[in-house]
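The values are calculated or read from the model by the stated rules, or taken from the named source; none is laboratory data. Source: prediction; values computed, not measured. Cβ sites come from the backbone with ideal geometry, for glycine too, and all protein chains shown count toward neighbours.
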Amino acid sequence: MQKIKFKIASKYHHLEEELKRLHDIFDINQNEIYKGRNSLKEFEFDEKPFIIKSFKIPNLFKKIIYAILNRSKAQKSFEHAIELENAKVNTPTPVGYISYYVLGLLQKSYYVCEKVDYEFTFHDVIQDRVKGSTDLFLQFAEFTFNLHQKGFLHLDYTPGNIVIKRRGDVFEFNLVDLNRMTLGHVTWQMGAKCFGKIYLKPEDMQIVVDRYASLCSVSSDKIMVLVESTHQSYERFKKFKKVLRFWRKEGD
């Protein structure tokens, strides 16, 4: 027997019945933006664009964990987005989440948000598709510091999860992919480690680190040590996952 758990933002209650049918309509939608472990597609309701994220079907062990914790990744994404909005941190406007359960076990979940208008991601900067600037790196450090001061620690603070739009001399940063986030006091050590997944060119990273260290009233050297050690650990982890995927593929 299938059970649906969902929540829709009050301004979008009129879309409830449409969104509850995502299990039936998601796969036939052809407007795919990203396909990987999870999938992102663009939908249009009432002539307005929305982004819907479909999370990978969890394995049996994780299904049991989700049954115990009773919060899917889609639900966490929605709740974290609400918290960010309340704290005046930019993120695509949350619309809702829908989770499908069979015999109490999570089968599929979707997170829905408004489509945000952005120009590039931090990944574009790292790949030199967009030219970075001192102003960009300084403002990014300030955005990250303010995020941490408000008690948000994004555990997947990677280049693709930070989308950017320029408004004159001001860069507007938006956070996406919100399911892995903690709320609470963020120490400068915890905050510094976030930059390990966004490792820029050394001279650009130094600008970010110097500004973040200044705001934290900590020496740049202390911040940089944590950034570099986290970056090295992250690179080793990525290599391990790549090898693991290879052997899993060979075993199929």
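Below are the figures for this structure:
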read-out	value
Residue satisfying condition, being modelled with pLDDT under 90 and touching a helix residue (DSSP H, G or I) at 6+ places or on another chain (Cβ under 8 Å), within set Gly132, Gly96	Gly132
Count of residues meeting criterion [out of contact with any Ser or Thr (no Cβ under 8 Å at 6 or more places or on another chain), in a helix (DSSP H, G or I) and either modelled with pLDDT under 95 or small (Gly, Ala, Ser) (or both)] in the stretch 77-93	1
Of all residues in the stretch 46-63 being part of a strand (DSSP E or B) and not β-branched (Val, Ile, Thr), the one that is surrounded by the fewest Cβ atoms within 10 Å (Cβ to Cβ)	Lys48
Some residue of the stretch 141-157 being hydrophobic (A, V, I, L, M, F, W, C), surrounded by fewer than 17 Cβ atoms within 10 Å (Cβ to Cβ) and closer than 22 Å to Val209 by Cα	yes
Residue list for the stretch 104-132, filter: in a strand (DSSP E or B) and either charged (D, E, K, R) or within 17 Å of Phe50 (Cα to Cα) (or both)	Lys108, Ser109, Tyr110, Tyr111, Val112, Cys113, Glu114
Among the candidates Tyr34, Tyr110, Tyr66, residue that is aromatic (Phe, Trp, Tyr), loosely packed, with under 13 Cβ neighbours inside 10 Å and touching a Lys or Arg at 6+ places or on another chain (Cβ under 9 Å)	Tyr34
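Quick grid of which residues meet (1) among the hydrophobic types (A, V, I, L, M, F, W, C); (2) part of a strand (DSSP E or B); (3) surrounded by fewer than 17 Cβ atoms within 10 Å (Cβ to Cβ); (4) in contact with a Cys (Cβ under 7 Å, 6 or more places away or on another chain):
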{"site": "Gln30", "(1), (2), (3), (4)": "no, no, yes, no"}
{"site": "Glu44", "(1), (2), (3), (4)": "no, yes, yes, no"}
{"site": "Gln75", "(1), (2), (3), (4)": "no, no, no, no"}
{"site": "Val95", "(1), (2), (3), (4)": "yes, yes, no, yes"}
{"site": "Tyr100", "(1), (2), (3), (4)": "no, yes, no, no"}
